[in-house]
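The values are calculated or read from the model by the stated rules, or taken from the named source; none is laboratory data. Quick caveat: nothing in here was measured; it's all calculated off a predicted structure. Here the Cβ is made from the backbone with ideal geometry for all residues, glycine too, and neighbour counts use every protein chain on show. Accessible surface is based on the protein model in full, side chains and every heavy atom, while ligands, DNA and RNA are left aside. Shrake-Rupley method; radii C 1.70, N 1.55, O 1.52, S 1.80 Å.
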Amino acid sequence: MNHSVHIIVFAKAPVAGLAKTRLIPALGATGAARLAALMLKHAVAQALASEVGTVEVCVTPAPEDPMWSELLPQHAALRISDQGHGDLGERMARAAQRALAAGHAVLLMGTDCPDLTAERIRMAAANLLTSDAALVPAFDGGYVLLALNRFDASLFRDIAWSTSSVAQVTRSRMGQLGWSATTLSTLHDIDEPDDLRWLPEALLPAGIQQPK
């Protein structure tokens, strides 16, 4: 088992009209982009606060875009990288394989789940001391975190991303590989207008009320 953990946060630029588009009917394009920026900053802050290892923010567009210097904190444990080409699975596979090849366990996470706190990140990392993998499912059927001690391309290939089958297929493939895997508590992603009820008030854009 690897003992050092490298966190990779996958982040998309919070550009109005392109970020969190499914929330635009509730928040408007500017409000959805503002929320995306707040959730990105929150996710990176939680990753750093977990103190389980180094943190990499894997971004699109490329790190040279000046917006990233405004969005991301200056921190000795933080680095920024380019997601590169391909679908989500190809991009995650590349990043995970690179970290594992460098001798680290890897923890992949996104920016859409405010409930993915530093404590929960630490819990996932701790499970890698006894398991090959740990997964935090989302209530929509995806997952918000995948932690790995080992790499296999099947976890990222031929998966219908952004559908309700993602976590189930991923767990099934880990089982087929004979891996020991821990599934942690299911959390809420913030993707659709109804999901706003799960958003902490501190992250709710001004003038927007949470659904009841």
### Task
Please give the length that would be gained between Ala102 and Glu201 if that part of the chain were fully extended, namely 0.36 nm times their separation in residues minus their C-alpha to C-alpha distance (nm, one decimal).
31.7 nm
### Summary
Measuring from its Cα centre, the chain shows a charge dipole (+1 at each Lys and Arg Cβ, -1 at each Asp and Glu Cβ) which, in debye to the nearest 20, is 200 debye
### Relative contact order (%) - the stretch 1-57, alpha-carbon pairs under 8 angstrom, separation at least six
47 percent
### Query
Roughly what % of DSSP beta bridges within the chain run antiparallel, to the nearest 5?
30 percent
#### Entry: Accessible surface of the chain [probe 1.4 Å, protein heavy atoms]: carbon and sulfur percent
51 percent
## Note on the structure
Neighbours of Thr117 by Cβ distance under 15 Å: Lys/Arg at +1, Asp/Glu at -1, summed charge -2
### Beta bridges per DSSP with both ends in the stretch 118-212, % antiparallel, nearest 5
55 percent
### Task
Find the all-direction average of the projected area of the Cα convex hull for the stretch 1-85, expressing the result in square nanometres with one decimal place.
6.6 nm²
## Note on the structure
For the chain, dividing by residue count, accessible area per residue (probe 1.4 Å) in Å² works out to 47 Å²
### Task
Return the whole-Å distance between the Cα centroid of the stretch 164-203 and the Cα centroid of the stretch 84-146.
11 Å
### Query
What per residue convex hull volume, in Å³, do the alpha-carbon atoms of the chain yield?
116 Å³
